[in-house]
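Single-structure report; data block below.
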Amino acid sequence: MEKTLEIVYKYSLDYLDRVDDLPVNAISGKNDLERALEYPLQDRGIDSVQVIEQLIADAEQGIVHSTSGRFFGWVMGGNVRSALAAEWLTSLWDQNAALYVSSPASAIAEEVAGKWLKELFGIPQDASFAFTTGCQMAHFTCLSAARNALLERNGWDVEKSGLFGAPKIKIFTSELLHGSALRAIRFLGLGTDNIEYLETNNDRQLSPEALCEALETNQQPAIVVLQAGDLNTGTFDDFDKLIAITHQYNAWVHIDGAFGLWAATSENFKHLLKGCENADSWATDGHKWLNVPYDSGYAFVRNVSAHYKALSIRASYLTHSDGARDQMDWTPEWSRRARGFATYAAIRELGRIGIGQIIDKSCYLCAKLIEELGKIPGIEIVSEPIINQGLVRFMPPKNHLDHPDPNSFTDFIIQENLDKGMSFLGGTEWNGIRCMRISVCNWQTNEDDISKTVQTFREILYKYYL
Ligand SMILES: Cc1ncc(COP(=O)(O)O)c(C=O)c1O
C-alpha cells in the first residue's frame, strides 16, 4: 500500500507543478488512448504498483488540464487546496455516507456545510438541503419535492399512486432553461410537452407580463423554473417580480443557480439575486465556482416535508437514527460517498470573503478577456459578461474561401485555438449564430493567463487579417 500511495503522492505534486505549462486540452486522440488503455481482461491480477504506474502513463495523455488557469470551457472550476486534500481523505476513509450510523462524521460535516451554504446564498436556514452528484441531480431532488407538494395540494399522493391519472403539472420557463433541468423534468415523468416557454424581454429575462398572463389562464398545478446565471450570457431573471407573481398563483418557483447562486457571496454582484431567497427550491454546484472536485451539487428546498416525503426510504436492515441526519433520506442515491468533506474544507479554507474574491476576480478577468479579444481584428463581441460568462464570434476576412460565413469561421478559429493548446474555449449557438463561449471559473486564473490567451488569438487572427 505504502509504495502505491507514494507513487500517487509524488506524481500529484509533480502534476500540480507542471499543469499550468501543459497544453490545456488532451494530448492524445481516441485511437491512441484506446491503444494505451485497452489491455485484455486477465485471469490473474497484477501488482498494485504496476497498475498505478501504468494507469498514470497510459491515461496522462488523455487528461484535459481543466484545473489550469486557462481553461475557459463549459463552466468548470478547479480544486482549491484543502478541497483536493479532503477529497483524498474521502477516498481513504471510504465512508458510505448514506446513514448517520455508517458515517457519523460525514453526516455532521454535511450538516454543518449545508448550514454554511444556506448562509452564503441567503437561503432561509429552515430550508432542507441535499448534497448531490451535481446540479443535474439537485434539479431532480428539488423538482421531486415540487411534484410531491403540488400533487398533494391537489389531493394526489404521487409517491403511492404514481403519475398515471394524476393532475398534469405545467412548467413555465424561458428559452434559457438548461438541459439538466429539462432532463430532471423527464426523469420525473412530468413530460417535456408540459413545458411552456414564455417570452423574454430584450435582456433575455423571463417577462413578468408573459408569466402573469400564462398563470392567469393556467388551470393546472404549476412550477416556474427561473435562471440565476445562464451558461451563455450569465443572465439572471428578475426574481423579485417573478417569484411574487408565481406565488400569487400558488405555483412553485425553482431556481437553477448552478453557478450564478454564488454571486450572493460578492458585494458587487449580489444585487443580481434580489428576491431569490423567496423561491421554493434552489439548485447549484460546488464543482463550478467553489472550486471543489466533481460530484458536488447542492439542492435546497423550502418545503422540508415535501422534500422528505419525496426521497426518504425505510428498509429493515437500515439503521436510522433519531435526531441525526441520514443523508439518504434527502438524496436520490442509496450508498453514496462522503462528498460533503470537500465542500466543508473549501468553505473553511476560503471563508465568506475568500469565496467572494474568487467570484469578483473571475468576473473581472472574464470582462478583461472579452474586452481584449474585442480589440483584435476579426473578433466581434456578441455578449458582454454580466458575471463570468460572455460570447464573441469571429468574422471571416473577405477573401476567406473555405469559411466565408461567420458561423463556420467561428468554429474554424475555435478549433485552431484548441489545437494550439494554450487555452480551452468551446463553441455555442446563441440567437441563431455560432459563438465562442468564455467562462472564467477557476480560482487560479490570473492576468498572465488572460494575456497568454489573448496573444494566441492575436497570432491566429493576424494570419488572416494582415
Ligand atoms: C446553468 C446550468 N445549470 C445546470 C448545469 C448542470 O450542472 P451539472 O453538470 O453539475 O449537473 C449547468 C452545467 O454547466 C449549468 O451551466
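What follows draws every value from the coordinates through simple rules; no lab data is involved. Every value quoted in this text rests on a predicted model; they were computed, and no experiment measured them. Don't worry about glycine lacking a Cβ; one is built from the backbone with ideal geometry, like all the others, and counts go over all protein chains shown.
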Binned at 5 Å from zero, the C-alpha pair distances of the stretch 84-349 give percents of 1, 6, 13, 18, 19, 16, 12, 8, 4, 2, 0, 0
Beyond 17 Å, the calculated P(r) of the stretch 123-207 holds a percent of Cα-Cα pairs equal to 56 percent
Mean separation of Cα contacts under 8 Å, 6 or more apart, over the residue count of the stretch 184-316: relative contact order %: 17 percent
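What's the local net charge at VAL454, with K and R +1, D and E -1, over the other residues with C-beta under 12 Å away?
On the way: positive: ARG70, LYS368, LYS375, LYS452, ARG458; negative: GLU371, GLU372, GLU447, ASP448, ASP449, GLU459.
Its environment carries a net charge of -1.
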Please report CYS435, CYS142 as a ranked list, fewest other C-beta atoms within 10 angstrom at the top and most at the bottom. CYS435, CYS142
Along each principal axis, Cα extent of the chain, largest first, Å: 69, 61, 44
Hits among lysines - C-alpha to C-alpha of LYS375 under 20 Å, sequence gap 8 or more where chains match: LYS398, LYS452, LYS463
Taking 7 Å along the Cα-to-C-beta vector as the label spot, tell me the SER408-GLU199 distance in nanometres, rounded to one decimal. 3.7 nm
Which whole-number percent is the relative contact order of the stretch 2-68 (Cα, under 8 Å, 6+ apart)? 56 percent
Under 5 Å between amide hydrogens, which residues at least 5 positions from GLN95 or on another chain qualify, with H placed 1.01 Å from N in the peptide plane? ALA338
Can you tell me the order of 225-237, 114-126 when each peptide is scored by its average per-residue count of other Cβ atoms within 10 angstrom, highest first? 225-237, 114-126
Please compute the volume of the convex hull spanned by the alpha-carbon atoms of the stretch 219-265 and report it per residue in Å³. 79 Å³
Distance between the stretch 419-466 and the stretch 96-138 - C-alpha centres, whole angstrom: 36 Å
Given Cα pairs under 8 Å that are at least 6 residues apart, what percent is the relative contact order of the chain? 22 percent
What number, rounded to the nearest 500 deg cm²/dmol, is the helix-based mean residue ellipticity at 222 nm of the chain, given -39500 (n - 2.57) per DSSP H run of at least four residues and division by all its residues? -13500 deg cm²/dmol
